[in-house]
Amino acid sequence: MKMQNFKTMSCTKTKFATKDFAEFSLKKIAKTNTKVKPIRSYYCEECKCWHLTKNVDSKDYSKLIQENKTLKTTIIKLNEQIKLLEKTDTSQKIIAQLNKQLEEAKNRPSKADNVQARADERVIELKKQLKSKQRESKN
């Protein structure tokens, strides 16, 4: 079964004798790298043949517009939910970081502890120096 493409004077578009031929050609063109691709076939009353077009059927157009509106609404709602989840997730991350810092702070000696330890070390050092001086003065 060969595809029949032929042109007549009444209609200048490529003609297909049957819908099957038109649909076959439509699928074949869809696989090519052409910029403009037809999206459907239609029957032409003028030449009594089938043609391909890139235009949406007017019957389907209103349905597509409604689907588009529904999709946009859905996308907006999903984006809002994502933002809420990101805030929740961010809050959870912040809380986890604060808890980690709190634990580190609990395990880290305070400045007062550090000052006391350095003071104790200094006292020990001074006592050693004092004993050393006392030994030197006895000799």
Looking at the stretch 4-25, can you tell me whether even one residue there is modelled with pLDDT under 85, among the small types (Gly, Ala, Ser) and in a loop (DSSP other than H, G, I, E, B)? yes
Exactly one of 54, 35 is touching a Pro at 6+ places or on another chain (Cβ under 6 Å) and loosely packed, with under 10 Cβ neighbours inside 10 Å, and that residue is 54
Being at pLDDT 80 or above and surrounded by 10 or more Cβ atoms within 10 Å (Cβ to Cβ) narrows 86, 103, 121 down to just 121
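The values are calculated or read from the model by the stated rules, or taken from the named source; none is laboratory data. For clarity, every value in this text was computed on a predicted model and none was experimentally measured. Using ideal geometry, Cβ is built from the backbone for each residue, glycine included, and neighbour counts are taken over all protein chains shown.
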